[in-house]
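Okay, structure first, notes after.
The values are calculated or read from the model by the stated rules, or taken from the named source; none is laboratory data. Note that the coordinates shown come from a computational prediction; the quantities given were computed from them, not determined experimentally. Cβ placement follows ideal geometry from the backbone for every residue including glycine, while neighbour counts extend to all protein chains displayed.
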Amino acid sequence: MATEGERIPLILDSTAVASLFDQELQKAFDSLGCFNLAIFGKTGSGKSTLLNAIFAQAIASTGIGEPVTKGLNYYRHPNGYLGVYDSEGFETGTSGDAILAGLDRIVGKSNSGPMDQRIHAAWYLVRWSDRRFEAAQQSFITGIAALGVPVIIVMSQVPVIERDGEFEIHPDAVAFAKYIESLSLPTFGDGKVLLTNALPDLFSNTVVYGLQELLDATYEVVPLAAQTALTAAQGVDGRRKKDAAAAVIKQATVVASGIGAVPIPIADAALLVPNQIAMIARITAIYGLPRSRARSLSIAGSAILTGGATYAGRYVATQLLRFIPGGIVAGSVISGTVAAALTRAIGFAWVKVCEYAVTLSDTEQESFFSGSEVKEAFTKYLKSGK
Ligand SMILES: Nc1nc2c(ncn2[C@@H]2O[C@H](COP(=O)(O)OP(=O)(O)OP(=O)(O)O)[C@@H](O)[C@H]2O)c(=O)[nH]1
Ligand SMILES: [Mg+2]
């Protein structure tokens, strides 16, 4: 980041910009840390399905998995911000005891280590149609809670029908949840049961339900240090991503107004670029983009950076400033205010690009970022955002 009086090399050539972006993206992912979730529930209860719905990406198929203890695999997302302990094929009883013993070791070890190695939360899934909640399940949940890991009880695959904006939840599921709640287990909300359905079912009119509530509950139990990573990893709550991005933009505008405190000639608008690239990289990371690490190069190499931030630097002189009050200052210089406004405009245009990109499938996303589409979208948002 530049301070007054410091000389910054002008980096307008595409290779330098691309490699700077790559470094900044790596830094951005690193500074997010990692949110670690443990997920339990009998085989078929819907663990993998729920994970895919909340994190909007198949963690088990994209992440690198390794068995950490008997009955428990650990997957780390390639972008680094999400770790999942998945108890695939889990049954209660002796295998539950073995997992608890293993967890005890993991938790004991990680609690003395860095924050991003701890287990920050556990979801325990009960499939509504099981209609039975065994003593072994109860003692397993109590066991995890006793390790100091906050547990959230989730009822899964609950049939929910939406009619005129009202949700009809299967009454048997409600009654089953009430029963479990009456046990007042040592979990989130004193044994509260969150009802969810992670897959829409056209045949029975069942809609996706309860994901936002589960996410909100998770934020409540997760330490602040892991919340930024959770914001990047989750794919349900766009508001939280946008707020995090807005905070990044705010910081970057402060830096930009510092750079412009000594008014800079329009031709030197590129002085603002390194700061803008860092901002764009941090926003990109908050949106969990690119979904696969292998794709970061195609983003960096894409026209957005050479044609994006630097382009905007030049664009400033011709178009954008006309729409910013006091934009063209006597002698064609950019003031601190204008530098800030420009950086802000770039930040929010990039947020829109990211908001759009996360709605795309993996293949669509890849072609979006590697073609000219991304640049066109960015330019469009930049012009419409003034
Ligand atoms: N309708 C509906 N079906 C679901 C839901 N969750 C899971 N299923 C279905 O239930 C089956 C099992 O789901 P999984 O997510 O694989 O279950 P799991 O807990 O990961 O199972 P294991 O990995 O074997 O322990 C799949 O056929 C899913 O499509 C849900 O919320 N709604
Ligand atoms: Mg599974």
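Would you confirm whether or not segment 160-183 contains a residue that is touching a helix residue (DSSP H, G or I) at 6+ places or on another chain (Cβ under 9 Å), in contact (Cβ under 8 Å) with a residue 12 or more places away in the chain and either under 14 Å from ALA38 (Cβ atoms) or within 16 Å of ligand 2 (Cβ to nearest atom) (or both)?
No: segment 160-183 contains no residue that is touching a helix residue (DSSP H, G or I) at 6+ places or on another chain (Cβ under 9 Å), in contact (Cβ under 8 Å) with a residue 12 or more places away in the chain and either under 14 Å from ALA38 (Cβ atoms) or within 16 Å of ligand 2 (Cβ to nearest atom) (or both).
Can you tell me which residue in segment 143-159 is surrounded by the fewest Cβ atoms within 10 Å (Cβ to Cβ), limited to those that are touching a residue at least 60 places away in the same chain (Cβ under 8 Å) and in a strand (DSSP E or B)? Outline the logic, then answer.
Residues of segment 143-159 touching a residue at least 60 places away in the same chain (Cβ under 8 Å): 144, 149-150, 152, 154, 156-157.
Pick out the ones that are also in a strand (DSSP E or B) and you get 152, 154, 156.
Numbers: ILE152: 21, VAL154: 28, SER156: 26.
Here the answer is ILE152.
Can you say whether ILE161 is within 16 Å of ligand 1 (Cβ to nearest atom) and either among the β-branched types (Val, Ile, Thr) or outside the structural domain of ALA135 (by TED's automatic domain parsing) (or both), as far as the supplied structure shows? Give the derivation first.
Details: within 16 Å of ligand 1 (Cβ to nearest atom): yes; either among the β-branched types (Val, Ile, Thr) or outside the structural domain of ALA135 (by TED's automatic domain parsing) (or both): yes.
Considered against the rule, which asks whether it is within 16 Å of ligand 1 (Cβ to nearest atom) and either among the β-branched types (Val, Ile, Thr) or outside the structural domain of ALA135 (by TED's automatic domain parsing) (or both), ILE161 comes out as yes.
Residues that are part of a loop (DSSP other than H, G, I, E, B) and out of contact with any strand residue (DSSP E or B) (no Cβ under 6 Å at 6 or more places or on another chain): does segment 172-180 have at least one?
Of the residues in segment 172-180, the ones part of a loop (DSSP other than H, G, I, E, B) are none.
Among the residues of segment 172-180, not one is part of a loop (DSSP other than H, G, I, E, B) and out of contact with any strand residue (DSSP E or B) (no Cβ under 6 Å at 6 or more places or on another chain), which makes the answer no.
Spot the failing condition for ILE39; the list is (1) modelled with pLDDT of 75 or more; (2) away from ligand 2 (no atom under 14 Å from the Cβ), and only one is missed.
(2)
Do you know which residues across segment 81-109 are without any contact (Cβ under 8 Å) to a residue 40 or more places away in the chain, within 28 Å of the chain's Cα centre (by Cα) and surrounded by 14 or more Cβ atoms within 10 Å (Cβ to Cβ)?
Of everything in segment 81-109, just one residue is without any contact (Cβ under 8 Å) to a residue 40 or more places away in the chain, within 28 Å of the chain's Cα centre (by Cα) and surrounded by 14 or more Cβ atoms within 10 Å (Cβ to Cβ), namely ILE106.
Could you grab me the full set of residues in segment 184-209 that are under 24 Å from SER139 (Cα atoms) and either in contact (Cβ under 8 Å) with a residue 24 or more places away in the chain or within 29 Å of the chain's Cα centre (by Cα) (or both)?
Keep residues of segment 184-209 that are under 24 Å from SER139 (Cα atoms), which gives 184-196.
Matches in segment 184-209: LEU185, PRO186, THR187, PHE188, GLY189, ASP190, GLY191, LYS192, VAL193, LEU194, LEU195, THR196.
Among (1) on the phi > 0 side of the Ramachandran plot; (2) modelled with pLDDT of 70 or more; (3) not basic (Lys, Arg), which single condition is GLY326 missing?
(2)
Could you list, in sequence order, all residues of segment 218-245 that are buried (at least 16 other Cβ atoms within 10 Å of the Cβ), assigned to a helix (DSSP H, G or I) and among the aliphatic types (A, V, I, L, M)?
VAL221, ALA226, ALA229, LEU230, ALA232, ALA233, ALA244, ALA245
What pairs come up if the first residue lies in segment 25-48 and is within 13 Å of TYR81 (Cβ to Cβ) and outside any helix (DSSP H, G or I), the second is within 13 Å of ligand 2 (Cβ to nearest atom) and not acidic (Asp, Glu), and their beta carbons are under 9 Å apart, counting only those six or more places apart or on different chains?
ASN36/VAL84; ASN36/TYR85; LEU37/LEU51; LEU37/VAL84; LEU37/TYR85; LEU37/TRP123
Given the criteria surrounded by 13 or more Cβ atoms within 10 Å (Cβ to Cβ) and in contact with a Gly (Cβ under 7 Å, 6 or more places away or on another chain), does PHE140 qualify? Reasoning before the result, please.
On the way: surrounded by 13 or more Cβ atoms within 10 Å (Cβ to Cβ): yes; in contact with a Gly (Cβ under 7 Å, 6 or more places away or on another chain): yes.
Judged against the criteria, PHE140 is a match.
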